[in-house]
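Notes for the one structure printed next.
Read-outs throughout are calculated quantities, based only on the coordinates presented, and are distinct from any laboratory measurement. In this text the structure is predicted, and so the values were computed from the model without any measurement. Ideal geometry is used to build each Cβ from the backbone, glycine not excepted, and the neighbour counts take in all protein chains shown.
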Amino acid sequence: MIDPYSPFSLPADLPNNLAQVVDYWKRLRRGENAIPFSDDLALSSLPDMSDKLFLLDVFANPARCRFSQIGSTITDCYGVNVAGKFADEIEARAPLNHVGAQSSATVEDRGPTFYRHRGYARVMLPMWGGGRIDIILGAVVQS
């Protein structure tokens, strides 16, 4: 799991909506597995958060992440729909500042990560599939 000294480590007090997403992610874990399987993910299980969620597909060689789904609140705030774009192809602005660095930390540390910046907070959660982390579940809320 993530190093507690990482710049993206989870704080003790998460904003309520993000805590709800992290709790859902934890409930998906099977047995002693530290990371849930991506085929267990059902965004419909988080209907109150659907507009604040995003999914990143994780690629290994080269290491990159691509937005496969993005909620309407995030799109409205960002100003353009980034579905289908790689994290390193988008402009760094709210609420997706440093999303590439955070996604790298999420994969590298194999655990939840957190980022807060001027008015919003974001959590990213790794999902296992195909023998590696293949999806990251993300959520953004105003803070």
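For the stretch 36-66, what are the residues that are in contact (Cβ under 8 Å) with a residue 40 or more places away in the chain and among the hydroxyl-bearing types (S, T, Y)?
Selection gives S38 alone.
Which residue pairs have Cβ atoms under 7 Å apart, sit 6 or more places apart or on different chains, and have a first residue in the stretch 130-142 that is without any contact (Cβ under 8 Å) to a residue 24 or more places away in the chain and a second that is part of a strand (DSSP E or B)?
If the second residue must be part of a strand (DSSP E or B), the pairs left are Q142/Y120.
If the Cβ limit is 9 Å and pairs must be 6+ apart or interchain, which residue in the stretch 67-85 that is crowded, with 17+ Cβ neighbours inside 10 Å pairs with which residue that is part of a loop (DSSP other than H, G, I, E, B) and among the polar types (S, T, N, Q)?
Within 9 Å, the pairs are F67/N81; I70/N81.
For the stretch 47-77, how many residues meet the condition of being hydrophobic (A, V, I, L, M, F, W, C), over 14 Å from the mean Cα position of the chain (by Cα) and closer than 20 Å to N16 by Cβ? Break it down into steps so the answer makes sense when it comes.
First, the residues of the stretch 47-77 that are hydrophobic (A, V, I, L, M, F, W, C): 49, 53-56, 58-60, 63, 65, 67, 70, 74, 77.
Still in the list and also over 14 Å from the mean Cα position of the chain (by Cα): 59-60, 63, 77.
Next, only the ones that are closer than 20 Å to N16 by Cβ stay: 77.
Count: 1.
For the stretch 21-57, give me each residue that is outside any helix (DSSP H, G or I) and polar (S, T, N, Q).
Quick first cut of the stretch 21-57, residues outside any helix (DSSP H, G or I) only: 29-37, 41-42, 46, 53-57.
Residue satisfying the conditions is N33 alone.
Has the stretch 91-110 got any residue that is part of a strand (DSSP E or B), more than 11 Å from the chain's Cα centre (by Cα), exposed (fewer than 15 other Cβ atoms within 10 Å of the Cβ) and without any contact (Cβ under 8 Å) to a residue 60 or more places away in the chain? Before you say what the answer is, go through the steps one by one.
Step one: filter the stretch 91-110 for residues part of a strand (DSSP E or B), giving none.
No, the stretch 91-110 contains no residue that is part of a strand (DSSP E or B), more than 11 Å from the chain's Cα centre (by Cα), exposed (fewer than 15 other Cβ atoms within 10 Å of the Cβ) and without any contact (Cβ under 8 Å) to a residue 60 or more places away in the chain.
Every residue in the stretch 78-89 that is more than 17 Å from L53 (Cβ to Cβ), in a loop (DSSP other than H, G, I, E, B) and among the hydrophobic types (A, V, I, L, M, F, W, C), please.
Here is the first cut: in the stretch 78-89, the ones more than 17 Å from L53 (Cβ to Cβ) are 79-80, 86, 88-89.
Subsequent filtering for residues that are in a loop (DSSP other than H, G, I, E, B) retains 79-80.
Within the stretch 78-89, V80 is the sole residue that qualifies.
Return the residues of the stretch 111-143 that are polar (S, T, N, Q), buried (at least 20 other Cβ atoms within 10 Å of the Cβ) and more than 25 Å from G31 (Cα to Cα); say none if nothing qualifies. I'd like the intermediate steps shown before the answer.
First, the residues of the stretch 111-143 that are polar (S, T, N, Q): 113, 142-143.
Checking which are buried (at least 20 other Cβ atoms within 10 Å of the Cβ) leaves us with 113.
Passing the criteria: none in range.
Checking the structure you have, find out if any residue of the stretch 18-26 is touching a helix residue (DSSP H, G or I) at 6+ places or on another chain (Cβ under 9 Å) and under 16 Å from A105 (Cβ atoms).
no
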